[in-house]
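The values are calculated or read from the model by the stated rules, or taken from the named source; none is laboratory data. Computed from a prediction, not measured in an experiment: that's the story for all the values here. So basically every Cβ, Gly included, is an ideal-geometry build from the backbone, and we count neighbours across all protein chains shown. Heavy atoms of the whole protein, side chains included, go into the accessibility calculation; ligands, DNA and RNA do not. Shrake-Rupley method; radii C 1.70, N 1.55, O 1.52, S 1.80 Å.
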Amino acid sequence: MKNMLIAGNWKMNTNVFESQKLVEYILGFVKTNATLKSKVLVCPPFTSVYAIGQMIENTKLLLGAQNCYYEEKGAFTGEISIPMLEYCGVSHIIIGHSERRSYFKEEDEIINKKLLAILEYNLTPILCIGETLDERNQGKTFDILINQLDKDLAGLTGDTIERVVIAYEPVWAIGTGISATREQVQEAHDFLRHFLVGKFGEKANRVYLLYGGSLSEKNADEILSIENVNGGLIGGASLKGDSFCSIIQTAEKYII
């Protein structure tokens, strides 16, 4: 069975007004296409989360956050807790993005704590994994993916793995405009599915595997048609309503 999740990661873009205008466009598309089977998720910056949550309440559009902290509350200046996000209507939270790993030095131990905390609140973590260009050139892609998954998913069982979304984001293809080839994406996603099933059992076949390296309306058909690709975590193209909605339309073609 092939399901689809199309998620927009807006990163540090859009003020509240701009966020609302973008969601207004996407909502119009979702309401017009009432038979959509794909899950559609938007992840605005924290300053817009509450406003967007109010806009999309009782609609098919889902709300995500770009990060969180694993503690419920306390003296953690500048952090956002999972209960705070849940109150705003958030259902999904991105963790482990390569920009968090590289710019803010987040290590796998912290990412694992976030993942387990998100699951405790019955929300859905979107775990990002991927290799750098140097690691790929050295033939270490699969070693890197295994290492990240082993550490980030520590403590999970076959009963909980299906509640996790995993986004494969080759670091060298994020924000560069360079997307991995169809063969590279298929190889990585097939490997991930095989690894997860081997580690967690048959329920891992239900895990959404998203591709997140410069996915756009131009390459969406090629990428989303791959068997073990269950959607995309989209950066730049998600900031343009028409581009994002075009990708959603493409995803609909491949839902089984």
Please find, within segment 113-126, the residue that is farthest from Ile174 (Cα to Cα) out of those that are under 17 Å from the mean Cα position of the chain (by Cα) and open to solvent by 20 Å² or more (accessible area, probe 1.4 Å).
Asn122
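So in segment 208-256, with the set limited to residues that are aromatic (Phe, Trp, Tyr) and assigned to a loop (DSSP other than H, G, I, E, B), which one is most open to solvent (accessible area, probe 1.4 Å)? Quick ask: steps written out before the conclusion?
Taking segment 208-256 and keeping what is aromatic (Phe, Trp, Tyr), we get 208, 211, 244, 254.
With the extra rule that they be assigned to a loop (DSSP other than H, G, I, E, B), the set shrinks to 208, 254.
Values: Tyr208: 38, Tyr254: 54 Å².
Per the stated criteria, the residue is Tyr254.
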State all residues of segment 87-128 that are more than 17 Å from Leu210 (Cβ to Cβ) and in contact (Cβ under 8 Å) with a residue 60 or more places away in the chain; if no residue qualifies, say none.
Ser102
Do any residues in segment 39-52 that are closer than 12 Å to Cys88 by Cβ have Cβ atoms under 7 Å from those of residues that are of a type in the set (Ser, Thr, Tyr) and open to solvent by less than 10 Å² (accessible area, probe 1.4 Å), where the two are at least six apart or on different chains, and which pairs are they?
Pro44/Ser19; Ser48/Ser19; Ala51/Ser19; Ile52/Ser19
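How about segment 135-168: which of its residues are charged (D, E, K, R) and either over 13 Å from Leu192 (Cβ atoms) or open to solvent by 10 Å² or more (accessible area, probe 1.4 Å) (or both)? Even if it seems obvious, please write down each step before you answer.
In the first step, residues of segment 135-168 are kept if they are charged (D, E, K, R); the result is 135-136, 140, 143, 150-152, 159, 162-163.
The answer is Glu135, Arg136, Lys140, Asp143, Asp150, Lys151, Asp159, Glu162, Arg163.
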Test Ala65 against the criterion of being open to solvent by less than 20 Å² (accessible area, probe 1.4 Å), of a type in the set (A, V, I, L, M, F, W, C) and without any contact (Cβ under 8 Å) to a residue 40 or more places away in the chain, and give yes or no.
yes
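One residue is enough: does segment 11-18 have a residue meeting the conditions at negative phi, buried (at least 21 other Cβ atoms within 10 Å of the Cβ) and not acidic (Asp, Glu)?
Looking only at segment 11-18, we keep the residues that are at negative phi, and these are 12-13, 15-18.
Filter once more, so that each one left must be buried (at least 21 other Cβ atoms within 10 Å of the Cβ): none.
No, segment 11-18 contains no residue that is at negative phi, buried (at least 21 other Cβ atoms within 10 Å of the Cβ) and not acidic (Asp, Glu).
Confirm whether Ala188 is over 15 Å from the mean Cα position of the chain (by Cα), crowded, with 18+ Cβ neighbours inside 10 Å, among the aliphatic types (A, V, I, L, M) and modelled with pLDDT under 95. It would help to see each step written out before you state the result.
Working: over 15 Å from the mean Cα position of the chain (by Cα): yes; crowded, with 18+ Cβ neighbours inside 10 Å: yes; among the aliphatic types (A, V, I, L, M): yes; modelled with pLDDT under 95: no.
Against the criterion (over 15 Å from the mean Cα position of the chain (by Cα), crowded, with 18+ Cβ neighbours inside 10 Å, among the aliphatic types (A, V, I, L, M) and modelled with pLDDT under 95), Ala188 does not qualify.
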Cross-chain or 6+ apart pairs with Cβ under 6 Å, segment 205-225 first and under 15 Å from Glu169 (Cα atoms), then part of a strand (DSSP E or B) and among the hydrophobic types (A, V, I, L, M, F, W, C)
Tyr208/Leu5; Tyr208/Val165; Leu209/Ile166; Leu210/Ala167; Leu210/Leu233; Gly212/Ala167; Gly212/Leu233; Leu215/Ile234
Can you confirm whether segment 44-61 contains a residue that is within 26 Å of Ala220 (Cα to Cα) and open to solvent by 30 Å² or more (accessible area, probe 1.4 Å)?
yes
Unmet requirement for Ala204, which otherwise passes all of (1) over 28 Å from Lys11 (Cβ atoms); (2) open to solvent by 70 Å² or more (accessible area, probe 1.4 Å):
(2)
Note down all Cβ pairs under 8 Å where the first residue falls in segment 171-198 and is free of Cβ contacts under 8 Å to residues at least 12 places away in the same chain, the second is surrounded by fewer than 19 Cβ atoms within 10 Å (Cβ to Cβ) and assigned to a helix (DSSP H, G or I), and they're at least six residues apart or on different chains.
Val197/Asn205
